[in-house]
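In what follows, a structure is listed as structure tokens, so that the remarks can point back to it.
The values are calculated or read from the model by the stated rules, or taken from the named source; none is laboratory data. Not measured: the values here are computed from a predicted model. Please note: Cβ atoms are built from the backbone with ideal geometry, for glycine as well, and neighbour counts cover all protein chains shown.
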Amino acid sequence: MNELKVVEYKSERIITTELLAEAYETDVKNIQMNFSRNKENFVSGKHYYLLEGDELKDFKNQVTNSGLVPKNASHLYLWTERGANRHCKILDTDKSWEQFDNLEETYFKAKEMQIQKTDDEIILIGYGKALEKIKSLQLDVKIKDQLIGEMKPKADYTDKILKSKSTMNINAIAKDYGMSARGMNKILHELGVQYYQDGQWLLYAKHQGKGYTHSQTIDFERKDGTPDTRLHTQWTQKGRLFIYELLKTQKGILPLIEQ
């Protein structure tokens, strides 16, 4: 990946759609389409900034941003590190994951790693041990903050499941993970949960009778007028929790609320 031009907005390092597409070796339309299809999973100010009107004009007028915005553009999306990560998960290719790792280390994290040596720091060199102690304490706080942040979303998602009594189709569960129903079904098949037969997904015997699903037989008529039946499977909240634990432990996949 070529070295990207550094772009910042509101003191935060961001990346444009064009640069993101270049980094992930895909095209701009693909990035735009994925965003349009999964817009509910992106939060303004957290995953992206949308510049329009005066904000876009001010951004264009900054010398460092020249060439980043097409002259006739009426709006501009700027993606944060979290937004770039979200796009990587949607693309879900080996190349996109490799390039996101590169972006994370050499672009987004680079700002945090820059060390500004000033005259004051040179004067304070005699207090090296004290500074190291302060840094150590700051690191402890950051680690604790991260652990708390990681624990809370997990509780939120688990609570969300336990509070609900209704059944869900696979589309709704897949949406929690930013996936399609097809992608979720494929993973559950790979993990030995279900198999596909006669146009429907069925649980393997070892997972039957555990209260994971609630199915009903639906009568329908084929195109030639022949009557037939099909199994309509809904997942219970117990089954939803089973999927959550399985994906987390076997695949390292977490719902969007925990990412």
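When the helices (runs of 4 or more DSSP H) confined to region 68-181 are screened for residues that are closer than 17 Å to Ile15 by Cα and either at pLDDT 65 or above or in contact with a strand residue (DSSP E or B) (Cβ under 9 Å, 6 or more places away or on another chain) (or both), those reaching at least 1 such residues are found at 81-91, 94-103, 110-113.
Scanning region 222-259 for residues that are over 18 Å from the mean Cα position of the chain (by Cα) and basic (Lys, Arg) yields Arg222, Lys223, Arg230, Lys238, Arg240. Filtered by the rule that a residue be in contact (Cβ under 8 Å) with a residue 12 or more places away in the chain, of a type in the set (Asp, Glu) and part of a loop (DSSP other than H, G, I, E, B), region 4-29 gives a lone residue, Glu25. Sub-8 Å Cβ pairs linking a first residue in region 92-107 that is of a type in the set (Ser, Thr, Tyr) and surrounded by 14 or more Cβ atoms within 10 Å (Cβ to Cβ) to a second residue that is outside any loop (DSSP other than H, G, I, E, B) and modelled with pLDDT of 85 or more, at least 6 apart or interchain, are Ser96/His87; Ser96/Cys88; Tyr107/Arg13; Tyr107/Ile15, ordered by first then second residue.
Looking at this structure, is Asn38 buried (at least 17 other Cβ atoms within 10 Å of the Cβ) and within 16 Å of Leu256 (Cα to Cα)? It is true that Asn38 is buried (at least 17 other Cβ atoms within 10 Å of the Cβ) and within 16 Å of Leu256 (Cα to Cα).
Filter region 202-243 down to the residues that are modelled with pLDDT under 85 and of a type in the set (Lys, Arg), then identify the one that is surrounded by the most Cβ atoms within 10 Å (Cβ to Cβ). Among those that are modelled with pLDDT under 85 and of a type in the set (Lys, Arg), it is Arg230. Total residues in region 23-54 satisfying the condition of being under 18 Å from Arg13 (Cβ atoms) and of a type in the set (D, E, K, R): the figure is 1. Residue-level check: of (1) under 30 Å from the mean Cα position of the chain (by Cα); (2) surrounded by fewer than 14 Cβ atoms within 10 Å (Cβ to Cβ); (3) small (Gly, Ala, Ser), Gly199 misses just (1). In region 1-31, the residue that is surrounded by the fewest Cβ atoms within 10 Å (Cβ to Cβ) out of those that are modelled with pLDDT of 85 or more and on the phi > 0 side of the Ramachandran plot is Lys10.
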